[in-house]
Amino acid sequence: MSQPTAPRQSRKKTLISLLVLLALTGVIVFIFKDHWTEITSALQRLSLWQVAVVLLLGISYPLLEGCVSWVIVRGRLPDFKLRQGMDNAWSGTFGNVVTLGAGAVPFQTWYLYRCGLPLGTGVGLMTLQYVFHKTTVLLYATVMLLLQHRWLLANTTGVLRYLPAAYGVVALIIVALVLVCVSPVVQSLARWLLRYLPKTEKWQQRRRDWLKQLDVLGTESRRLLEDKKRCLAIFALHALKLFLLFCIPYLCIRFMGLTPLRFEQVQLLTSLMLFLSNALPNVAGMGSIETAFLLLYSSFLPQGEGMSVLMLYRIASYYMVFAASAVGFFFAQRHLVQMEPPKEA
């Protein structure tokens with residue numbers, strides 16, 4: 001099996017990604033410009049400790065992602081440390097942004113390879129971590145909706161018509177990923193399709209590598225899914241991660257003194273927001289969240305208030321997290337340099 005190369009993007013590509021991120025931020029600010037007076041007024045009501053609480057809740061998301069990585073990987077590498085799980089999470093968060101949404105798994109897979117995990121195993125485990133996340137988002141939103149659907153129906157008319165399509169898209173993604181990981185039939189189909197790659201030596205070598213990785217992917221995926229206690233722990237950590245994330249809009253509303261919504265109502269709206277955003281296209285995690293947030297909250301908050309909450313929510317859950325991930329990724333690289341050369345498990 002060929003060894004992965006370090007996911008070092010060229011300065012040019014990284015600069016382009018950051019410029020795109022800056023441009024998208026400019027678009028969002030431009031959309032908010034008509035309500036800028038209301039937004040700045042709401043933000044000025046916040047005290048330093050309130051801002052700190054909101055930002056800490058935002059940082060809890062990648063930290064719990066690191067705990068999930070630790071739980072998943074130590075089933076394969078018993079000596080895998082919690083600090084390494086955190087490093088892996090920072091690598092994924094940073095890679096996702098600087099590659100405009102395409103680099104999370106490659107960055108994480110490379111990090112795990114340097115820790116001694118074979119390439120196919122790393123891809124399989126990180127794919128399963130993504131599947132667990134998607135599944136938890138779906139289950140969390142479903143539970144919230146079942147408990148409060150009457151309140152939602154009584155207070156909004158346009159949101160529910162988007163849910164069937166969102167359920168279809170998210171369920172299709174989850175099923176497709178799971179089948180690629182564990183279904184012998186789907187894996188056989190993938191092997192059959194690989195036969196039609198070009199007959200050049202370069203592509204045939206890739207075919208041999210991918211076939212080996214596909215075998216390892218299936219083996220490791222089935223091994224993890226058979227460990228029920230580990231799977232429950234992974235689901236529990238993902239649920240806690242989402243719960244804390246969904247607390248941020250509630251605290252924003254309370255701290256700013258805006259139109260009151262009950263805690264459980266904000267949990268419902270924010271869980272549906274994240275669920276709907278999973279079915280929408282985005283660039284490096286931007287665009288879909290903002291669209292779904294304003295769609296869900298527009299029936300319950302005046303537009304200016306909704307944009308105020310959205311801005312603080314995105315600062316805490318996206319920009320602060322990205323800034324922290326840049327620091328975390330830097331230290332992750334230093335930790336790798338201090339390690340011995342990788343020994344495959």
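Annotations
- Residue within the range 58-79 that is more than 18 Å from the chain's Cα centre (by Cα), under 20 Å from Ser221 (Cβ atoms) and free of Cβ contacts under 8 Å to residues at least 60 places away in the same chain present: yes
- Selection count, the range 292-309, where residues are open to solvent by 20 Å² or more (accessible area, probe 1.4 Å) and closer than 15 Å to Leu160 by Cα: 5
- Among (1) surrounded by fewer than 16 Cβ atoms within 10 Å (Cβ to Cβ); (2) more than 20 Å from the chain's Cα centre (by Cα), the one test that Gly120 misses: (1)
- Some residue of the range 310-327 being within 16 Å of the chain's Cα centre (by Cα), open to solvent by less than 30 Å² (accessible area, probe 1.4 Å) and modelled with pLDDT under 85: no
- Of the candidates Leu242, Leu225, Leu232, the single residue that is buried (at least 17 other Cβ atoms within 10 Å of the Cβ) and part of a helix (DSSP H, G or I) is Leu242.
- Enumeration of residues in the range 260-281 that are open to solvent by 50 Å² or more (accessible area, probe 1.4 Å) and either assigned to a loop (DSSP other than H, G, I, E, B) or in contact with a strand residue (DSSP E or B) (Cβ under 8 Å, 6 or more places away or on another chain) (or both): Pro260, Arg262, Leu280, Pro281
- Residue within the range 168-183 that is among the polar types (S, T, N, Q) and either part of a helix (DSSP H, G or I) or within 17 Å of the chain's Cα centre (by Cα) (or both) present: no
- Residue within the range 136-148 that is open to solvent by less than 10 Å² (accessible area, probe 1.4 Å), farther than 30 Å from Arg223 by Cβ and aliphatic (A, V, I, L, M) present: no
- Which listed residue is open to solvent by 40 Å² or more (accessible area, probe 1.4 Å), in a helix (DSSP H, G or I) and modelled with pLDDT of 95 or more, from Leu64, Leu43, Leu56: Leu56
- Within the range 219-242, residues that are farther than 26 Å from Leu57 by Cβ sit with their Cβ atoms under 7 Å from residues that are basic (Lys, Arg) and open to solvent by less than 60 Å² (accessible area, probe 1.4 Å), at 6+ positions apart or across chains, in these pairs: Glu220/Arg76; Leu224/Arg230.
- When Leu237 is tested against (1) farther than 30 Å from Pro106 by Cβ; (2) open to solvent by 10 Å² or more (accessible area, probe 1.4 Å), only condition (1) is not met.
- Residue, nearest to Val105 (Cα to Cα), within the range 1-40, restricted to residues that are at pLDDT 70 or above and in contact with a Ser or Thr (Cβ under 7 Å, 6 or more places away or on another chain): Ile39
- Remark: pairs (first residue in the range 266-295, under 16 Å from Leu145 (Cα atoms); second residue open to solvent by 10 Å² or more (accessible area, probe 1.4 Å) and of a type in the set (Ser, Thr, Tyr); Cβ separation under 6 Å; 6+ apart in sequence or on different chains) = Val266/Tyr250; Ser271/Tyr140.
The values are calculated or read from the model by the stated rules, or taken from the named source; none is laboratory data. A quick note: this is a predicted structure, and the numbers were derived from the prediction, not measured. Using ideal geometry, Cβ is built from the backbone for each residue, glycine included, and neighbour counts are taken over all protein chains shown. Heads up: the accessible areas ignore ligands, DNA and RNA and are worked out on the full protein's heavy atoms, side chains in. Shrake-Rupley method; radii C 1.70, N 1.55, O 1.52, S 1.80 Å.
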